[in-house]
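None of the figures in this text is laboratory data; all of them are computed from the coordinates on show. What you see is a predicted model, and the numbers here were worked out from it, not measured in a lab. Methodologically, a virtual Cβ is constructed for each residue, glycine included, from the backbone with ideal geometry; neighbour enumeration extends over all protein chains shown.
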Amino acid sequence: MTDDNKKALVPSIEGFKMPTFDQIPNVGLYLEQATTFLNEYLELLDGTQLTSSMISNYVKKHLIESPIKKQYSREQLAYLFFIAISKTVLPLADLKVLV
């Protein structure tokens, strides 16, 4: 990576901070609520956004468990953070082994 590329990355990741596990809501979030919550943190990382259909596909591919009563738990949201960040450098097949 060139110095120019590194300098270009700094503004996008400078304010990036992941929530601690305790900062993730302990109540179930519906799909749209989960997407909004996740993307509030991920928006600082260019190209690392999640959509409702992406999350639904992760459930279908068994990367995360199915929501209970259509609500995503704290653990599932933590996994989704991991998937969203890791998918930029790993193929989904490899992610499935990790989660």
List the residues whose amide H sits under 5 Å from the amide H of I64, counting only those 5 or more places along or on another chain, with H placed 1.01 Å from N in the peptide plane. V59
Paramagnetic reach from F21 in the stretch 30-67 [backbone N under 17 Å; point 7 Å along Cα→Cβ]: 65
Given the Cα-Cα distance of N57 and N39 and 0.36 nm per residue of separation, how much length would full extension add, in nm? 4.8 nm
With the 8 Å Cα cutoff and a minimum separation of six or more residues, the chain has a relative contact order in percent of 31 percent
Point-charge dipole on Cβ atoms (K/R +1, D/E -1) for the chain, about Cα centre, debye to 20: 400 debye
Would you pull out the residues with amide H under 5 Å of Y30's amide H, same chain only if 5 or more places away, H placed 1.01 Å from N? Y72
Please report the Cα spread of the chain along all three principal axes, rounded to whole Å, starting with the longest. 48, 28, 21
Between L90 and D4, what length comes free when the chain is fully extended (0.36 nm per residue of separation minus the Cα-Cα distance, one decimal in nm)? 28.5 nm
Once amide hydrogens are built 1.01 Å from N within the peptide plane, the residues lying 5 or more places from M18 or on another chain with amide H under 5 Å from its amide H are none
Determine, for each peptide in 49-60, 73-84, the mean count of other beta carbons within 10 angstrom over its residues, then list the peptides with the highest first. 73-84, 49-60
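For the stretch 40-91, what mean projected area does the convex hull of the alpha carbons give, in nm²?
Over all viewing directions, the stretch 40-91 projects a mean Cα-hull area of 3.7 nm².
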